[in-house]
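A.B. asks: Pasting a structure here, questions to come.
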Amino acid sequence: MEQNQINLLELERMFDELAFKNWASSTELFPKEFCRKLAQECQRLHAQGVFHKASIGRGATKTTHAEIRGDLTLWIDKNSATPLQHDLLFSLNTLLERLNQSFYLGLKRFEIHFALYPPGAGYDKHLDNHRGSGARKITFILYLNEHWQKGHGGELSLYQPDHENILISQIEPRLGTVMLFRSDLFPHQVEKSNQPRLSITGWFRDDAS
């Protein structure tokens, strides 16, 4: 049976922060051992060669540009999920329900993937909605790097809405750190790192499919 791994008291604290400034971070939302197992699974699946180069754009304009976005991804699907991934999906469904209860967002689903940035890769400044679409409402990131050190790079740089040259915060991608932020508001980028950088990234959406 799937288990909810979210610390609900910490989630309420994050929601207070999210309501105040439209983004929130935590190092206590998920148990560290759960995050370690997800990191091991990410590394195992990458070693099996099932990750793919991430793309930008959609439809006819969908393409890969490693100089803009250099990560490799693997989407997590409930029909092929491992038991560990089922726990993650169950937990994120709990998060979706709590977001709707607290913020009346009308969220209907989420999409989620593993992401691995090889050394030297990053992701240039961007918003998390495709042009002409506003379906993504809340961005979710869970970092999976246990031995990350200052100087490794790979921070998430978050910029002020409507003033994308003003840096709000830089978040180090350390094991167990979670970010939530409004997908339509915040320009952000992944700084280049000199170590493999692992995460789980996804979006809570208000469209049905």
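The values are calculated or read from the model by the stated rules, or taken from the named source; none is laboratory data. From a predicted model like this one, the values you see are computed outputs, not experimental measurements. Cβ atoms come from the backbone with ideal geometry, glycine included; neighbour counts cover every protein chain shown. Heavy atoms of the whole protein, side chains included, go into the accessibility calculation; ligands, DNA and RNA do not. Shrake-Rupley method; radii C 1.70, N 1.55, O 1.52, S 1.80 Å.
A.B. asks: Taking 8 Å as the Cα distance limit and 6 or more residues as the minimum spacing, I'd like the relative contact order of the range 91-192 as a percentage.
C.D. replies: Values: 154 pairs, mean separation 34.6, N = 102.
Across the range 91-192, relative contact order equals 34 percent.
A.B. asks: Of all the accessible heavy-atom surface of the chain, with the other protein chains kept in place and a 1.4 Å probe, what percent is carbon and sulfur? If you can, show how the numbers build up before the last one.
C.D. replies: Working: 5190 of 10540 Å².
Its accessible area is 49 percent carbon and sulfur atoms.
A.B. asks: If I take every Cα pair under 8 Å that is 6 or more residues apart in the chain, average their sequence separation and divide by the length, what percent do I get for the relative contact order? Present the calculation step by step, with values, prior to reporting the outcome.
C.D. replies: Working: 431 pairs, mean separation 56.9, N = 209.
Relative contact order of the chain: 27 percent.
A.B. asks: Now, a different point. Checking the cross-link filter: which aspartates and glutamates have an alpha carbon closer than 16 Å to that of Lys125, excluding same-chain neighbours under 8 positions apart?
C.D. replies: Result set, ordered by chain and number: Glu67, Asp71, Glu155, Asp162, Glu164, Asp184, Glu191.
A.B. asks: Remind me, relative contact order of the range 114-174 in percent, using alpha carbon pairs under 8 angstrom and six or more residues apart?
C.D. replies: Details: 43 pairs, mean separation 16.1, N = 61.
26 percent.
A.B. asks: Same structure, new question: Just to be sure I understand, if you calculate semi-axes √(5λ) of the Cα gyration tensor in Å for this structure, which of (i) 22, 21, 19; (ii) 34, 19, 14; (iii) 29, 18, 16 do you get?
C.D. replies: Read-out taken from this structure: (i).
A.B. asks: Find how much the distance from Leu9 to Thr27 grows on full extension, using 0.36 nm per residue of separation minus their present alpha carbon separation; answer in nm with one decimal.
C.D. replies: 5.2 nm
A.B. asks: Within the chain, what's the longest stretch lacking trypsin sites (Lys or Arg not before Pro) that sit in DSSP loops with no more than 13 other Cβ atoms inside 10 Å?
C.D. replies: On the way: sites that count: Arg58, Lys62, Lys78, Arg131, Lys150.
No qualifying site falls inside 151-209, the longest such stretch.
A.B. asks: Add -39500 (n - 2.57) for each DSSP H run of 4 or more in the chain, then divide by its residues: what number comes out at 222 nm, to the nearest 500 deg cm²/dmol? Intermediate results must be reported in sequence, preceding the final value.
C.D. replies: Details: 3 runs with 51 residues, N = 209.
So the calculated ellipticity at 222 nm is -8000 deg cm²/dmol.
A.B. asks: While we're here: What distance in nm separates the simple spin-label points at Gln149 and Ser80, each placed 7 Å from Cα in the Cβ direction?
C.D. replies: Label at Gln149, label at Ser80, 3.7 nm between them.
A.B. asks: How far apart, in nm, are the 7 Å Cα→Cβ label points at Ile68 and Ser169?
C.D. replies: 2.8 nm
A.B. asks: Among all the lysines, which ones have a C-alpha under 21 Å from Lys37's C-alpha, if same-chain residues fewer than 8 places away are not counted?
C.D. replies: Of all the lysines, those that pass the test against Lys37 - Cα under 21 Å, at least 8 places apart if same chain - are Lys78.
A.B. asks: With the other protein chains left in place, how much accessible area per residue, in square angstrom, belongs to the chain at a 1.4 angstrom probe?
C.D. replies: Details: 10540 Å² over 209 residues.
The answer is 50 Å² per residue.
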